[in-house]
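Shown next, in structure tokens, is the structure this report addresses.
The values are calculated or read from the model by the stated rules, or taken from the named source; none is laboratory data. All of these numbers come straight from a predicted model, not from anything done at the bench. Here Cβ is always computed from backbone atoms with ideal geometry, including for glycine, and neighbour counts include all displayed protein chains. All accessible areas refer to the heavy atoms of the entire protein, side chains included, with ligands and DNA or RNA removed. Shrake-Rupley method; radii C 1.70, N 1.55, O 1.52, S 1.80 Å.
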Amino acid sequence: MTEQTLDDRMQRLVAVRPRLLSFARLHLRNHAQAEDVVQDALEAAIEKQASFAGRSGYETWVFGILKYKILDAMRAQKRQGTWQPLEDEGEADDDAIDRLFQQNGRWLKEARPVSWGEPEAAFENELFWQVFDACMITLPDNVARVFSLRELMGLSTEEICHELGIKENNCWVILHRARLRLRACIEQGWLTEEAS
């Protein structure tokens with residue numbers, strides 16, 4: 001690896017560190033532990049620079065390392081009895097969600113999702129990810145955590161239920177709520193911004 005490439009990667013690690021930390025805090029709910037796992041992930045990324053094959057983006061690779069560090073820390077929290085189980089959000093949102101749909105289960109005309117254009121292009125847009133991060137922060141902790149485990153960390157529903165100690169039905173409801181809330185937030189924050 002050239003000196004220039006090493007410098008570039010170090011700068012990228014410094015730049016992505018705040019997102020790594022935010023991601024770790026979401027799952028661990030403990031600032032000190034989040035700092036520790038992010039530090040461990042960054043050290044592992046530096047030590048394993050040569051194993052980065054370039055099949056994904058460098059930041060994605062680092063997030064992959066962090067994913068395993070977080071899961072290890074969550075399991076350690078369970079063993080040590082410091083785990084904070086998810087609280088069931090209950091039925092509070094159900095009325096708001098039901099108001100988006102007709103009785104036959106189809107979207108109400110005014111609640112239908114807005115076209116996002118080319119989704120692949122959106123994922124390459126830095127503004128999209130800023131809005132996405134802001135929208136994730138607005139989600140309740142348990143909703144954001146379940147969504148993140150499923151969609152960002154790639155765990156199966158069964159693995160999520162096992163890790164968090166929730167029932168499969170509850171997991172699906174939480175995921176549904178997360179998707180609806182994120183869709184509404186992203187449409188409001190990103191698509192409106194894009195149009196202006």
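Numerical summary
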{"read-out": "Selection count where residues are more than 20 Å from GLU159 (Cβ to Cβ) and out of contact with any helix residue (DSSP H, G or I) (no Cβ under 9 Å at 6 or more places or on another chain), scope the stretch 61-81", "value": "2"}
{"read-out": "Filtered residue count, the stretch 173-187, keeping only those that are touching a Pro at 6+ places or on another chain (Cβ under 8 Å) and of a type in the set (Val, Ile, Thr)", "value": "0"}
{"read-out": "Pairs where the first residue, in the stretch 18-34, is on the phi > 0 side of the Ramachandran plot and the second is in a helix (DSSP H, G or I), C-beta under 8 Å, 6+ apart", "value": "ARG29/ASP141"}
{"read-out": "Qualifying positions in the stretch 172-196 - surrounded by 19 or more Cβ atoms within 10 Å (Cβ to Cβ) and modelled with pLDDT of 85 or more", "value": "VAL173, ILE174, ARG177, ALA178, ARG181, LEU182"}
{"read-out": "Flag for ALA121 being loosely packed, with under 13 Cβ neighbours inside 10 Å and either in a helix (DSSP H, G or I) or modelled with pLDDT of 90 or more (or both)", "value": "yes"}
{"read-out": "Inter-residue pairs, beta-carbon under 6 Å, first within 13 Å of LEU149 (Cβ to Cβ) and in the stretch 50-78, second at pLDDT below 85, 6+ apart", "value": "ILE70/HIS27"}
{"read-out": "Whichever residue in the stretch 42-63 is at pLDDT 85 or above and not hydrophobic (A, V, I, L, M, F, W, C) and, among such residues, is most open to solvent (accessible area, probe 1.4 Å)", "value": "GLU47"}
{"read-out": "Some residue of the stretch 26-41 being farther than 21 Å from LYS78 by Cα and open to solvent by less than 70 Å² (accessible area, probe 1.4 Å)", "value": "no"}
